[in-house]
Amino acid sequence: MCPICWISGFIAILFGGSFAATINHPISWAIGLLVMAYGAYKFYDSYKRGKHMGEDTKSRNRKLIYRFVQGLVIGSLVTATIFYNLGADEHKDDHHKESLFEKFE
């Protein structure tokens with residue numbers, strides 16, 4: 001499989017899915033579905049191009065895609081950890097504050 005096609009398809013599906021999920025409007029859903037369809041096409045294109053590659057090229061491409069996914073997972077975990085540590089105190093304070101509904105009772 002072609003690593004560039006695979007990675008661009010993966011990113012397109014991520015962007016399309018997050019766009020369709022975060023903006024609540026039918027036009028954004030349509031745009032998100034179009035971007036996800038483009039990502040699915042890139043996966044198909046990657047599969048189609050991979051049929052004509054040699055076994056050593058396929059092996060190198062699998063390793064490249066594996067390294068990309070590895071970096072994506074590690075980057076996501078590091079980012080989540082950093083942002084959790086930056087906002088953990090404020091989040092705990094919000095739970096201990098008196099809510100607006102309790103003030104008016």
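Relative to the longest principal axis of the C-alpha atoms of the chain, give the angle of the C-alpha long axis of helix 55-96, reported between 0 and 90° and rounded to the nearest 10°.
Approximately 0 degrees, to the nearest ten.
With angles folded into 0 to 90 degrees, how steeply does helix 26-50 sit against the dominant principal axis of the chain? Use alpha carbons for both and round to 10.
The angle comes out at about 30 degrees.
Round to the nearest 10 and give me the degree value, 0 to 90, for the angle of helix 3-22's Cα axis relative to the longest principal axis of the chain.
Result, in degrees: 30.
Once you have a ≥ b ≥ c as the square roots of the Cα gyration tensor eigenvalues for the chain, tell me rounded if a/c is under 1.5, and otherwise prolate or oblate according to whether a/b is larger than b/c. List each step's numbers first, then the result.
On the way: a/c = 7.08, a/b = 1.93, b/c = 3.66.
Verdict is oblate for the chain.
Which FRET efficiency value, to the nearest 0.05, is calculated for residue 74 and residue 24 with the Förster distance at 41 angstrom and r the Cβ-Cβ distance?
E(calc), rounded to 0.05, equals 0.80.
What relative contact order, as a whole-number percentage, does the chain give when Cα pairs under 8 Å and 6 or more residues apart are counted?
Details: 78 pairs, mean separation 31.9, N = 105.
30 percent.
With a 10 Å radius around each residue's Cβ, average the other Cβ atoms per peptide and rank 46-57, 27-38, 8-19, highest first. Before the final figure, lay out the partial values.
Working: 46-57: 12.2, 27-38: 14.8, 8-19: 17.2.
The packing order, highest mean first, is 8-19, 27-38, 46-57.
No value in this document is a laboratory result; all are computed from the given coordinates. On a predicted model such as this, the values are computed, not experimentally measured, just so you know. In this analysis, Cβ positions are derived from the backbone assuming ideal geometry, glycine residues included, and neighbour counts consider all displayed protein chains.
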